[in-house]
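Right, one structure below, let's go through it.
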Amino acid sequence: EEPLTTSLSPLLPNPFLSAPLFFRVRLLLFSPISSGHRLSSVAEMAVSSTLCPKLSASAAGGFASSFQCRSDPSGNHHQTRPGGFSSSSSRVKSVGVHGSFLTGGGGAGYGMSSSLILKFPPNFVRQLSNKARRNCSNIGVAQIVAAKWSDNSSTGSAAAAANAAAAASPAVPAVEESVELIAGANGPVVDGLDRKGDVQDLTNNLTYGSFLSSDGSIAVHAGERLGRGIVTDAITTPVVNTSAYFFKKTAELIDFKEKRHVSFEYGRYGNPTTAVVEEKISALEGAESTLIMASGMCASTVLLMALVPAGGHLVTTTDCYRKTRIFIETMLPKMGITATVIDPADIESLKNALNEKNVSLFFTESPTNPFLRCVDIELVSKLCHEKGALVCIDGTFATPLNQKALALGADLILHSATKFIGGHNDVLAGCISGSLKLVSEIRNLHHVLGGALNPNAAYLIIRGMKTLHLRVQQQNSTGLRMAELLEAHPKISCVYYPGLKSHPEHDIAKKQMSGFGGVVSFEVDGDLETTIKFVDALRIPYIAPSFGGCESIVDQPAIMSYWDLPRAEREKYGIRDNLVRFSFGVEDFDDLKDDVLQALAAI
């Protein structure tokens with residue numbers, strides 16, 4: 001392999017050139033006809049942002065002399081296109097990129113996939129077997145792997161020694177040994193990169209918003225349509241079942257340890273399938289980064305431990321998931337962490353806590369569980385940021401479709417992905433989205449504590465998210481209509497639903513939510529036994545914990561979540577014996593209405 005000396009400036013967008021990065025580029029050419037075709041050649045280019053401006057097109061050194069497209073088994077030769085890269089003995093005239101071509105010649109410039117160059121998700125390098133690559137038919141892939149390059153040239157001495165040892169070993173044909181890595185793209189080809197160095201701004205082409213106008217489309221395609229870390233022409237994202245990732249040579253391992261090479265290294269630190277989930281959720285939330293974990297409680301507890309220092313103070317709200325409250329009240333004090341608990345609407349108490357305590361974090365649900373109280377996210381974010389406190393919103397009941405907490409000012413948004421995001425009552429997961437800096441802090445602790453999401457579970461989340469907008473639309477509609485029906489029914493004493501005018505935070509909910517969700521809490525006009533009779537008379541919903549799935553679920557919080565406490569203790573949290581939480585699924589509204597009405601008639 002000869003070093004590339006031709007100018008790469010025309011190929012690289014301005015943001016790419018200006019970043020202090022060392023780019024190791026591997027262009028892999030595949031025959032785009034059948035799975036029996038093999039890798040034609042590999043060209044390696046060491047590209048430094050400090051070198052690109054100095055390189056000249058007149059200094060064309062070129063690629064290895066073997067850089068040619070092979071003929072296919074039928075004897076038909078792949079035709080090359082005018083232009084391309086020159087070499088001492090051959091020209092590369094076509095480079096397949098997911099069935100497209102990098103074309104150039106004269107002043108036409110090169111066509112190039114937008115996210116191929118710029119989109120490098122963290123730890124997005126994947127090792128793929130030769131067998132898997134050969135089975136990828138009809139693919140031409142240009143693979144680019146980017147890693148930070150240390151400004152201190154002496155840091156690479158150990159890697160240089162390992163490289164020297166590797167160079168002394170017998171050479172292995174690239175087609176057999178090269179197990180390449182992808183950070184590439186499946187997106188549309190973007191033309192207009194001028195050979196003379198005038199580069200178009202490709203930023204807009206890297207966003208799903210440039211061609212997807214709705215959250216529904218983003219939920220279907222984000223993390224997949226513009227590229228994922230797995231070389232495949234499959235529409236669905238493959239499940240990568242592996243506990244570890246290998247390094248081809250010791251030099252590559254040293255490069256990884258010295259941050260010049262990117263890898264997951266170990267299954268607890270990441271997986272290509274889970275990375276797709278994270279990117280999909282980030283796109284929906286408008287977040288720089290997302291971390292997916294094994295459950296919603298795993299996400300909550302790791303976040304609290306990562307962001308509240310020992311001896312620190314946090315503020316939370318009275319109405320919340322009981323297990324979260326238990327962790328705050330019993331586990332965090334062991335680390336010297338104290339908490340102020342306020343009513344979700346009590347802004348004055350929040351101000352007092354911020355003024356009197358060294359508050360690190362305001363953590364709350366919105367809407368809350370089970371009374372669906374709503375916090376003014378924009379207002380509390382402003383107040384907390386003025387005092388240097390972070391804001392994390394658990395938006396599980398809202399979903400990323402009904403509420404954009406980050407856009408409203410929150411620093412982090414958390415979901416139990418078990419619920420609406422997964423949506424099929426068949427998987428446990430939790431996620432945190434926000435800035436890369438904050439999510440990285442949480443990720444570091446997560447790597448120590450574990451709680452990694454199984455890639456098979458990640459696949460179920462991906463599958464579930466493709467129908468998220470359809471499910472949530474139906475559940476929003478059913479939830480509101482059922483809340484109105486129940487509020488008007490004589491055997492229901494109270495309904496808790498933010499879409500109702502009677503809800504204490506209805507105006508806040510209207511301001512920050514586009515829909516009010518599929519969960520309705522209400523109190524039956526009767527005692528514990530009367531409420532049990534109503535629940536048992538229902539035919540459609542399952543009596544179970546959880547919510548947000550396709551199937552309707554009903555429970556009495558006094559029994560399901562608080563039965564271990566005496567009635568007087570339950571009522572301190574507002575949990576009365578006649579309280580019902582009803583999660584409406586995607587069943588037909590009329591069927592659900594008829595079922596609820598017949599159950600009420602039975603009491």
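The values are calculated or read from the model by the stated rules, or taken from the named source; none is laboratory data. These numbers were taken from a predicted model, which means no experiment stands behind them. Reconstructed Cβ throughout: ideal geometry from the backbone, glycine too, with neighbour counts over all protein chains shown. SASA here: full protein model, heavy atoms, side chains in, ligands and nucleic acids out. Shrake-Rupley method; radii C 1.70, N 1.55, O 1.52, S 1.80 Å.
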Worksheet, complete the sentence: Rounded to the nearest 0.05, FRET efficiency between Met335 and Glu378 (Cβ-Cβ, R0 22 Å) equals 0.10
Response to the item:
In nm, the gap between the two label points placed 7 Å beyond Cα toward Cβ at Ala345 and Arg268 is 4.6 nm
Worksheet item: When only Cα pairs under 8 Å and 6 or more residues apart are kept, what is the percent relative contact order across the range 299-350?
Response: 45 percent
Discussion item. Within 10 Å of each candidate Cβ there may be at most 12 other Cβ atoms; applying that plus a DSSP loop requirement, which trypsin sites (Lys or Arg not before Pro) in the range 428-507 survive?
Written reply: Lys501
Discussion item. Counting heavy atoms of the protein chains only and a 1.4 Å probe, report the per residue accessible area for the range 257-298 as a whole number of Å².
Written reply: 32 Å²
Worksheet item: Between their Cα atoms, which of Lys248/Lys419; Lys419/Lys511; Lys259/Lys280; Lys259/Lys382 are more than 29 Å away from each other?
Response: Lys248/Lys419; Lys259/Lys382
Discussion item. As an exercise, identify the chymotrypsin sites (Phe, Trp or Tyr not before Pro) in the range 553-591 lying in DSSP coil whose Cβ has no more than 13 other Cβ atoms within 10 Å.
Written reply: Trp563
Practice prompt. Please sort by residue number the chymotrypsin sites (Phe, Trp or Tyr not before Pro) in the range 236-271 whose DSSP state is loop and whose Cβ has at most 13 other Cβ atoms within 10 Å.
Written response: Phe246
Worksheet item: Roughly speaking, to the nearest percent, how much of the range 471-535's 1.4 Å accessible area is carbon and sulfur?
Response: 50 percent
Worksheet item: So for the pair Lys248, Asp426, with labels modelled 7 Å out along Cα→Cβ, what separation do we get in nm?
Response: 3.8 nm
Worksheet entry | Over the range 275-423: Kirkwood hydrodynamic radius from C-alpha pairwise inverse distances, Å | 15.4 Å
Item to complete: Please report the relative contact order for the range 500-603, taking Cα pairs under 8 Å with a sequence separation of at least 6, and give it as a percent rounded to a whole number.
Response: 34 percent
Worksheet item: What number, in percent, do you get for the relative contact order of the range 426-535 if the mean sequence gap of Cα pairs under 8 Å and at least 6 apart is divided by its residue count?
Response: 22 percent
Worksheet item: Round to a whole number: what % of the accessible area of the range 292-377 belongs to carbon and sulfur, probe 1.4 Å?
Response: 53 percent
Practice prompt. Compute the distance in nm between two label points, each set 7 Å from the Cα along the Cα-to-Cβ direction, one at Ser440 and one at Asp591.
Written response: 4.9 nm
Discussion item. Can you give me the % of accessible surface on the range 558-601 that is carbon or sulfur? Probe 1.4 Å, all protein chains present, nothing else counted.
Written reply: 48 percent
Worksheet item: To the nearest Å, what is the center-to-center distance of the range 411-426 and the range 273-317, using C-alpha atoms only?
Response: 12 Å
Fill in: Accessible area (Å², per residue) of the range 391-470, counting only protein heavy atoms and a probe of 1.4 Å
30 Å²
